[in-house]
Amino acid sequence: MHCPFCQHTDTRVIDSRVSDDGATIRRRRVCEACGERFSTLETVELKLPVIVKSDGRREAFDARKLRSGFDRALQKRPVSEEQIETAVRAVVHHLRMTAERELDSRRVGEFVMAELRKLDHVAYVRFASVYRAFEDVADFREVLDRLEHETPPTEGQLTLLDEEADTGKRRRR
């Protein structure tokens, strides 16, 4: 490792610590030439699949795009940064586990929707409406009905439809 201060090629590790999540190692180093100390972060670099877009273009996976998709769907929702990071890591883990060199963007979207469904049903519906290109209210109603019937109530998540809506009476506002 080159010293960032004097560019000397000989630095020595004086301390190593594993991060809380176990994904990185922080190394404290000292330069043998100038004596300056600095820290480095070491992470495993695994090749993620190339994402094949619906129009056939191929793009390298970009974790920032993934995170921004989560952020947009979860905007103004009661979900912590830690929960979002955990969901992003889960999607990246799914991508790695496919062991494929190329992956259709639709599959990535399905991974994202699965994580959003666990986190927040409103965010799930937001993302699904864009991802699946809903064209009318019936598309929304279909997803809402499926969520209401397939998903047991989760602590901390609000119901999507009130009791009156479940009996077929729509509340007027």
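Values for this structure:
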quantity: Some residue of region 45-67 being more than 30 Å from Tyr124 (Cα to Cα), exposed (fewer than 13 other Cβ atoms within 10 Å of the Cβ) and touching a strand residue (DSSP E or B) at 6+ places or on another chain (Cβ under 6 Å); calculated: no
quantity: Complete set of residues in region 70-85 that are part of a helix (DSSP H, G or I) and exposed (fewer than 15 other Cβ atoms within 10 Å of the Cβ); calculated: Asp71, Arg72, Glu81, Glu82, Glu85
quantity: Subset of region 1-12 (residues that are surrounded by 13 or more Cβ atoms within 10 Å (Cβ to Cβ) and touching a Lys or Arg at 6+ places or on another chain (Cβ under 7 Å)); calculated: Met1, Thr11
quantity: Positions within region 26-50 being at pLDDT below 95 and of a type in the set (A, V, I, L, M), in sequence order; calculated: Leu41, Val44, Leu46, Leu48, Val50
quantity: Search result, residues across region 26-35 that are in contact (Cβ under 8 Å) with a residue 12 or more places away in the chain and farther than 14 Å from Val13 by Cβ; calculated: Ala33, Cys34
quantity: Meets criteria (among the basic types (Lys, Arg), part of a helix (DSSP H, G or I) and modelled with pLDDT under 90) for Arg67; calculated: no
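The values are calculated or read from the model by the stated rules, or taken from the named source; none is laboratory data. The structure presented is a predicted model; accordingly, all values stated were derived computationally and were not measured. Cβ atoms come from the backbone with ideal geometry, glycine included; neighbour counts cover every protein chain shown.
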